[in-house]
Amino acid sequence: MNSKSFAFGNLRDSRRTLARLTCALLAVGGSAAALAETTAADVAPGANSYSVTLKQLGRNYPMSLRGVESTDSVNFDVRADSIVTGAKLKLQYTYSPALLADLSQINVIVNDEVAASLPLPKENAGQLQTQEVTIPPQLITEFNRLSLQFVGHYTMSCEDPTHSSLWAKISNSTELSIDVSPLALPNDLSIMPLPFFDRRDARTLNLPFVFAAAPDNATLEAAGALSSWFGAQASYRGATFSTRFNQIPAHGNAVVLLSGPDALQIGGLSLPAAKGPTLSVMANPNDANGKLLVITGRDAAELKTAATALVLGSQAMSGSSVVIDRLDTVQPRKPYDAPNWLPSDRPVKLGELLPAKQFNVSGYNPGDITVPLNFPPDLFTWRDEGAALNLKYRYTPQEKSSNSSFIVSFNDGLIQSQNLLSQDKLDSGVLSALKLNDTLNRETRVRLPLNSVALQSRLQLRFMFDYIKQGECGDIIIDNMRGAVDPESTLDLTGYDHFMAMPNLGVFKDAGFPFTRLADLSQTAVVLPDNAGAPELDAYLTVLGRFGQSTGYPATGVLVTQAAQVAAAADKDLLVFASGNNQPLLTQWADRLPATDMGNQQSFHLSDLPMRVRDWFSPDPEANQRKARLAMAFSGGARSTYLTGFESPLKGGRSVVVIASGHPQGLGEATDALIGGEDYTQSIQGSLVVVRGKTIEPLVADEQYYVGDLGPFRYLEWMLSRHVGLTLVLTGLGVLLLSCLAYLSLRSRAKKRLSD
């Protein structure tokens, strides 16, 4: 098969289903002859439908449309293996009671084509309305923009285009439903990660892994590298993974891992004997539109080699099957160099975090320029004045204005507001330069406070231009206001140390820390039960997918082991899975665990943390500390699912996180809690949490040890601030030492004077 790369851009201008199918076949390396061979089998019968809300498409707040004409948009994409056969928009909206029904409307626009125009009758004004709009499928391409345009008028005579009565709101619960028919994609590695993950799909990735039998540790390491890679691809969508033994899914896609020197059999599928580390894409024998990613080798080591080659070098592969002849040793990662984290060894340019075109805005009141900031979890921000942000920006000066401003916000909190000077307030030299360039360049330096900041934060930059009213019947909005932030603007984290009190399940949930300190997890060991079943493997793959989502890098260095061999992993951070009584480490380390579930008895150590405000968490380690004040054991009752952390008994400074449940199915509840969502009202934090369905109960937050390093003077300053008695002792010793030195100096001078 021809192995040309998939040219996704060829589909963007398609307007009809047949045209889109034509482009898809040509884009995957086909030709006119290949198109002529297309049959009805390429498009399977029966349509599939799915729905997404505007919130799932990225609109966290309702659309607020104001003025005589206002538009807001969201992007939605269609999977490469699907053809749209129909679409509907279930629009939820409200609008001003002052609008004139004959002159006001809301237009639904898809890719700059009007799909529907909704009247705004006065009798329904001010009430939440629901309207279903049918979108012609020929308007929908591979990459799409859905726009909601509000056109409003409140009087037949002269009107103020910014009048307060000109408004409409679109709820972010508005739902877009899309009907699709499957489109057969080629068996080609060049389009990976398609079709197993498609970045156009805003839904959570659910991908099964298939093994012939219970996998060994090396096979599980290969599977962990793959699941973390798919988790990194899925990003904000999230990813969950399930495990099957000797069973190909009845429909959809799956990853198959097999090793052995002879011909391979799995779920009725026969494969030739592997000639080395092999990667193949083939059709699912149970589903004409499903695909299998088959990874094989003559032994588990070759299987791991093939998986590593895929997750690090898939861009170079093509064809339906490849054999990896050589794979040089992968260079080890450095601490805190995860692609998704802000670097702390150099200033980072904002242009590295966001495409350059998104730094440009237009209009009198454009939306925010939102820059995502993913901080390393253990930045030491004690008594810190903030991270240095050097912003360069430019704008179009107005002839006259008094309220135009450039606003810098951080996680919705105001940091700084700069006045945008108008032409009448500029000196002659600047005005002369302005004639050569219509925009005015400015620069400002601010500090972003990082104390108690969320790991996934956002920097919001906004231009607001003053609208000067010209008087009755003279107001006309001319949309010539422009603003831009220079992508060369920088954020500097180089002055921060990495130091954190542990255990801290909050940073484990949000960033996989401390395991993700090295993005490839080369200092991480996963300890599974001796006879791990599907629930334990599901949890293992899903948690590693969560790690990949945080770092953006596959876990090529993870070690999988069992309790009997854990001593060999003493110099690693340990992630321990357990269900029931199948994990011996829980017995060996019972004196260190704040929770145990042995036999028919459960025991817990409790502090006063549950009596605090649920989402309260202070950046001060001492304030967070809730030492256990009660030890309790009881028999009977439902088996608990819990997560706990403590310092490794094998080596100081190393961490252990245990994910355990009294029953195997409870591990799914634990991984769901790590993924989180709106159904959870509490957050995972502290050193022990119990999970019951959608309820999370933090029980203990006991910091017992620290990870990371501080400079000697910084460490001394921090230690003195924590121990007042030590400060007084050292102060007294210092005074005594200075007194002795002064006494000896004065005595020497007196003796010399007397001898003279």
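The values are calculated or read from the model by the stated rules, or taken from the named source; none is laboratory data. On a predicted model such as this, the values are computed, not experimentally measured, just so you know. When we count neighbours, we look across all protein chains shown, and the Cβ atoms used for this are built from the backbone with ideal geometry, even at glycine.
Taking the options G677, G693, name whichever one is of a type outside the set (A, V, I, L, M, F, W, C), surrounded by fewer than 20 Cβ atoms within 10 Å (Cβ to Cβ), farther than 24 Å from D591 by Cα and within 23 Å of the chain's Cα centre (by Cα). Before you say what the answer is, go through the steps one by one.
Values: G693 fails: within 23 Å of the chain's Cα centre (by Cα).
One residue alone meets the criteria, G677.
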Under 8 Å between Cβ atoms, which residue pairs at least 6 apart in sequence (or on different chains) link something in the stretch 182-199 that is polar (S, T, N, Q) with a partner that is part of a loop (DSSP other than H, G, I, E, B) and at pLDDT 90 or above?
N187/S320; S190/M317; S190/S318; S190/G319
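Could you check, for the stretch 363-371, whether at least one of its residues is in a strand (DSSP E or B), exposed (fewer than 15 other Cβ atoms within 10 Å of the Cβ) and at pLDDT 90 or above? Full working, then the answer.
First, pick out the residues of the stretch 363-371 that are in a strand (DSSP E or B): 369-371.
After this cut, where a residue has to be exposed (fewer than 15 other Cβ atoms within 10 Å of the Cβ) as well, the list is 370.
Filter again for at pLDDT 90 or above, leaving 370.
Yes, the conditions are met somewhere in the stretch 363-371.
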Tell me, which residue of the stretch 332-362 that is assigned to a loop (DSSP other than H, G, I, E, B), out of contact with any strand residue (DSSP E or B) (no Cβ under 9 Å at 6 or more places or on another chain) and in contact (Cβ under 8 Å) with a residue 12 or more places away in the chain is farthest from G483 (Cα to Cα)?
P332
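Taking strands (runs of 3 or more DSSP E) that fall entirely within the stretch 616-710, which contain at least 1 residues that are modelled with pLDDT under 85, assigned by TED's automatic domain parsing to the domain that holds G533 and not polar (S, T, N, Q)? First the steps, then the outcome.
On the way: elements: 630-635, 641-647, 655-661, 688-692, 695-700, 705-709.
Correct list: 630-635, 695-700.
Looking only at strands (runs of 3 or more DSSP E) that fall completely inside the stretch 142-242, which ones have 2 or more residues that are assigned by TED's automatic domain parsing to the domain that holds A125?
Working: elements: 143-151, 167-170, 175-182, 205-211.
Output list reads 143-151, 167-170, 175-182.
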Residue within the stretch 604-615 that is at pLDDT below 60, under 30 Å from V453 (Cα atoms), in contact with a helix residue (DSSP H, G or I) (Cβ under 8 Å, 6 or more places away or on another chain) and among the acidic types (D, E) present
no
How about the stretch 266-304: which of its residues are part of a strand (DSSP E or B), surrounded by fewer than 19 Cβ atoms within 10 Å (Cβ to Cβ) and either free of Cβ contacts under 8 Å to residues at least 24 places away in the same chain or of a type in the set (S, T, N, Q) (or both)?
L269, S270
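Which of the residues spanning the stretch 696-713 are at negative phi and either in contact with a Phe, Trp or Tyr (Cβ under 8 Å, 6 or more places away or on another chain) or among the aliphatic types (A, V, I, L, M) (or both)? Steps first, answer last, please.
Applying the first criterion (at negative phi) to the stretch 696-713 yields 696-707, 709-713.
Hits for the stretch 696-713 are I696, L699, V700, A701, Q704, Y706, V707, D709, L710.
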Just one listed residue, out of R346, R326, R333, is more than 30 Å from V68 (Cβ to Cβ), surrounded by 19 or more Cβ atoms within 10 Å (Cβ to Cβ) and more than 20 Å from the chain's Cα centre (by Cα), and it is R333
Of everything in the stretch 47-74, what is within 17 Å of V361 (Cβ to Cβ) and among the polar types (S, T, N, Q)? Give them in sequence order.
S64, S70, T71, S73
Criterion violated by E717 - all others in (1) assigned to a helix (DSSP H, G or I); (2) under 30 Å from P594 (Cα atoms) satisfied:
(2)
Test each condition in (1) in a loop (DSSP other than H, G, I, E, B); (2) touching a helix residue (DSSP H, G or I) at 6+ places or on another chain (Cβ under 8 Å) for Q138 and report the one that comes out false.
(1)
